[in-house]
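Following: one structure in structure tokens, then a few remarks.
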Amino acid sequence: MNIEESDNTIKEILEEDRTQKRKRRRGKGCFLRLLIIAVLLFIGFYGFILFRQRLLDLEAEAVIRARQTVSSEADGSAEAISMPEAASTHETPTPDLMLERTAMVAAQLTSVAEFQLSVTPDQ
């Protein structure tokens, strides 16, 4: 009986060692998952920054076009003004943002009013 008991004890010890080795391997998998999640979060954040920058560029372009519209209406000329490069708009500070925004809204409202006043032929 002593030999059988010692054999069973040795088998139990070996099984415990095997389960401990398996548990250690799971720790590496957890680190790998954490690393993958961190990389995905970084990529998502970078994509958000690029998307936000694109929206800001579109808004800046709209402000420039509104400024051109207001300046051409003030001059009374119907000729198109060439757009400056995007790099030069970032270097020069704008004197009054509220004035530009007001001019942009005024240009939009003017075009809406002209559309509403246009007469359509009765069908």
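The values are calculated or read from the model by the stated rules, or taken from the named source; none is laboratory data. None of these values were measured; they are calculated from a predicted model. No Cβ is skipped: glycine too gets one built from the backbone with ideal geometry, and neighbour counts run over all protein chains shown.
On inspection, L117 qualifies as modelled with pLDDT of 70 or more and exposed (fewer than 10 other Cβ atoms within 10 Å of the Cβ). Among the numbered conditions (1) at pLDDT 85 or above; (2) exposed (fewer than 10 other Cβ atoms within 10 Å of the Cβ), the only one that T110 does not meet is (2). The residue of the range 26-53 that is modelled with the lowest pLDDT, among those that are surrounded by 10 or more Cβ atoms within 10 Å (Cβ to Cβ) and either among the charged types (D, E, K, R) or on the phi > 0 side of the Ramachandran plot (or both), is R33.
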